[in-house]
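First up is the structure itself, then whatever we jot down about it.
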Amino acid sequence: MPELVFFSGTMDCGKSTLALQIEHNRTARGLQGLIFTRDDRAGEGKLSSRLGLVTDAVEAGPGLDLYGYVVEELSRGGRVDYVIVDEAQFLLSGQIDQLARIVDDLELDVFAFGITTDFRTRLFPGSQRLIELADRLETLQVEAMCWCGARATHNARTVGGEMVVEGEQVVVGDVAQSAAEVGYEVLCRRHHRRRMTSATARAAALSPDVLPVTAT
Ligand SMILES: Nc1ncnc2c1ncn2[C@@H]1O[C@H](COP(=O)(O)OP(=O)(O)O)[C@@H](O)[C@H]1O
Ligand SMILES: Cc1cn([C@H]2C[C@H](O)[C@@H](COP(=O)(O)O)O2)c(=O)[nH]c1=O
């Protein structure tokens with residue numbers, strides 16, 4: 001039975017790597033997939049992993065009908081055995097409905113990958129719809145870690161190392177950016193709530209206020 005599967009997690013937990021592995025294993029068995037992505041850090045029409053692998057993909061901009069694209073591909077004699085979608089959080093809610101239709105009407109597996117929540121801990125529209133519609137939700141096995149050693153469950157946006165909670169929902173970026181840039185850091189909920197990034201924790205640890213008092 002074909003399925004719509006949503007593989008989700010924080011940033012940097014290996015989603016794109018898994019997408020590329022699924023693609024590799026199926027291609028090795030003679031299957032042919034169609035890969036969609038949206039706003040990958042590597043540029044338009046790319047699916048990239050931090051492990052250095054990258055492949056071409058169809059850029060699923062807001063105007064693209066994903067169901068229509070697959071139907072067209074099949075009607076002009078192309079082969080599509082399964083569909084992979086990376087950065088699925090960026091898709092519109094209606095585009096996720098199109099993915100469900102690919103599964104139900106075209107009987108193809110669809111593997112979608114994305115982060116569930118944004119830097120304010122709110123669901124992205126694409127992720128919300130995937131949670132509503134997916135046959136199966138999978139949490140990535142490789143746990144990203146907060147600076148404190150706990151499992152990272154939330155994505156923080158940083159500017160100059162400081163966590164921010166205002167701004168546009170979508171700002172393409174990466175973890176481990178230089179301090180001046182807008183970047184991201186994965187945190188446990190406790191430290192996300194306290195707005196404590198690795199930089200602010202380091203600064204607090206070095207603050208004279210918390211240094212041990214020496215006898216004079
Ligand atoms: N130099 C490295 N050596 C080993 N593993 C790495 C290295 N760099 C990144 N990774 C692994 O890649 C993961 C990020 O993979 P990626 O697919 O880009 O994540 P996502 O798509 O979830 O943001 C990290 O959590 C880590 O496990
Ligand atoms: C939290 C958050 C993230 N983003 C962007 C930043 C990256 O470009 C992607 C996530 O990519 P990854 O492969 O999972 O690391 O999403 C954003 O636009 N808004 C956010 O709140």
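The values are calculated or read from the model by the stated rules, or taken from the named source; none is laboratory data. Note that the structure is predicted; figures quoted are calculated from it, not measured. Reconstructed Cβ throughout: ideal geometry from the backbone, glycine too, with neighbour counts over all protein chains shown.
Regarding the range 115-127, can at least one residue be identified that is closer than 23 Å to T27 by Cα, surrounded by fewer than 21 Cβ atoms within 10 Å (Cβ to Cβ) and at pLDDT 95 or above? The answer is no, given that none of the residues of the range 115-127 is closer than 23 Å to T27 by Cα, surrounded by fewer than 21 Cβ atoms within 10 Å (Cβ to Cβ) and at pLDDT 95 or above.
Here the condition is being out of contact with any Cys (no Cβ under 6 Å at 6 or more places or on another chain) and either modelled with pLDDT under 95 or within 17 Å of G9 (Cα to Cα) (or both); of G161, G94, it holds for G161 alone.
Only residues that are in a loop (DSSP other than H, G, I, E, B) and without any contact (Cβ under 8 Å) to a residue 24 or more places away in the chain were counted in the range 5-51, giving 6. The lone criterion from (1) surrounded by fewer than 17 Cβ atoms within 10 Å (Cβ to Cβ); (2) out of contact with any helix residue (DSSP H, G or I) (no Cβ under 8 Å at 6 or more places or on another chain); (3) basic (K, R) left unmet by K15 is number (1). Within the range 93-120, residues that are more than 16 Å from ligand 2 (Cβ to nearest atom) have Cβ atoms under 7 Å from residues that are among the aromatic types (F, W, Y) in these pairs: Q98/Y67; R101/Y67; I102/Y67; L108/Y82; D109/Y82, counting only partners at least 6 apart in sequence or on another chain. Scanning the range 124-139 for residues that are in contact (Cβ under 8 Å) with a residue 60 or more places away in the chain, within 16 Å of ligand 1 (Cβ to nearest atom) and not polar (S, T, N, Q) gives L130, L137, E138. Checking the structure you have, find out if any residue of the range 36-57 is farther than 25 Å from D118 by Cβ, crowded, with 18+ Cβ neighbours inside 10 Å and away from ligand 1 (no atom under 14 Å from the Cβ). Checked against the condition, which is being farther than 25 Å from D118 by Cβ, crowded, with 18+ Cβ neighbours inside 10 Å and away from ligand 1 (no atom under 14 Å from the Cβ), the range 36-57 yields no hits at all.
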